[in-house]
Amino acid sequence: MSDLLSDPLNRSQIEFLLSLDDGTGEALQDIVGEYLTMSEEGREELLRVLHDGDASAVEHAAHTLKGASANVGASALADVCADIERHARQAQLEDAAGLAQRFETEFSRARAALQAVAPRP
Amino acid sequence: MRILIADDEPTSRLLLKAIVSKLGHETIVAEEGSRAWDLLSSGGIDVLLTDWMMPGIDGPELCRRVREGTGDSYVYIVLTTGLDHPEHVLEGMGSGADDYLIKPVDSFAVQTRLIAAERMTELTASWPGPRPSSREPTSTCWSSHSPTT
């Protein structure tokens, strides 16, 4: 229950992104906007290779999404991606469906929170 | 300084570009290792901030090519990656990187590395001998010329 109620975003990272320009929020908009685009493609790729059981491809896809998610403060999603990356590195993908479900839950929460922080014009 | 950012992941490129620009440096970006190598080969780069995992030429290979190259000036290299295991850090430094940053990066971490980079590039520019170009750690290069007391 506490996981469902916790903030999907690391607010200090959001504050950091806001500090990167002269207060216009342009850097935050650019970085989050890019993330919302690339993460949708990354999600499709990760779910596809998880379904296929391709451990090497899962590790790479999860690694990329982990880094990008951390950059925009989506820390809960980054943690799930790190967990998937670890499972893939150890070739432990028996519970691919469970990993995919955890990913989908955090992915939806992160996107909703980010869209609220940096709405697309 | 003129700083090349090499990363195939777009949010990392944008984040590093924003940080480095705010610190007052000129930035150039490359979306893959081979493009970064082209830019490095044409010269004029003071610092390379490079990801590890990239299509084509990866970060460690980029480090090796820079160190084995014949450019006139020293390129200070910082590997910036999410690979945080000690063996990765050692492999990255062994390939020719001067420093190693684990993502996500923040302004303070980048700023401190660039202070060191600026000092190093100024030192090597004024050094009368051949530039340090081996894959040995930078400190080893200098200790051979400067006996410790």
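The values are calculated or read from the model by the stated rules, or taken from the named source; none is laboratory data. Bear in mind the structure is a predicted one, so any value in this text is a computation, not a measurement. Positions of Cβ are backbone-derived with ideal geometry, glycine not excepted, and every protein chain shown enters the neighbour counts.
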| said: Given (1) away from chain A (no Cβ under 14 Å); (2) touching an Asp or Glu at 6+ places or on another chain (Cβ under 8 Å); (3) at pLDDT below 95, identify the lone condition not met by residue B:70. | reply: (2)
| note | The number of residues in region A:45-57 that are more than 14 Å from the chain's Cα centre (by Cα) and either at the interface with chain B (Cβ under 10 Å from one of its Cβ atoms) or crowded, with 16+ Cβ neighbours inside 10 Å (or both) is 4
| query | residue B:79 versus (1) within 14 Å of chain A (Cβ to nearest Cβ); (2) crowded, with 24+ Cβ neighbours inside 10 Å; (3) assigned to a helix (DSSP H, G or I): which is the lone unmet condition? | reply | (3)
| query | Here are B:125, B:117, B:109: which of them is modelled with pLDDT under 90 and among the aliphatic types (A, V, I, L, M)? | reply | B:125
| message | Take the residues in region B:19-53 that are part of a helix (DSSP H, G or I) and not hydrophobic (A, V, I, L, M, F, W, C); name whichever of them is surrounded by the fewest Cβ atoms within 10 Å (Cβ to Cβ). | response | B:38
| request: Please work out if residue B:16 is assigned to a strand (DSSP E or B), at pLDDT 95 or above and under 28 Å from residue A:78 (Cα atoms). | output: no
| task | Take region A:1-42 and flag every residue that is assigned to a helix (DSSP H, G or I), in contact with a helix residue (DSSP H, G or I) (Cβ under 6 Å, 6 or more places away or on another chain) and closer than 19 Å to residue A:64 by Cα. | result | A:30, A:31, A:32, A:34, A:35, A:38, A:42
| task | Scan region A:11-35 for residues that are more than 10 Å from chain B (Cβ to nearest Cβ) and within 14 Å of residue B:14 (Cα to Cα) and jot them down. | result | A:18, A:25, A:29
| said: Among the residues of region B:87-130, what is the count of those that are crowded, with 19+ Cβ neighbours inside 10 Å, assigned to a helix (DSSP H, G or I) and within 14 Å of chain A (Cβ to nearest Cβ)? | reply: 1
| query | If only one of A:68, A:78 is without any contact (Cβ under 8 Å) to a residue 24 or more places away in the chain, in contact with a Ser or Thr (Cβ under 6 Å, 6 or more places away or on another chain) and either of a type in the set (Asp, Glu) or buried (at least 21 other Cβ atoms within 10 Å of the Cβ) (or both), which one is it? | reply | A:78
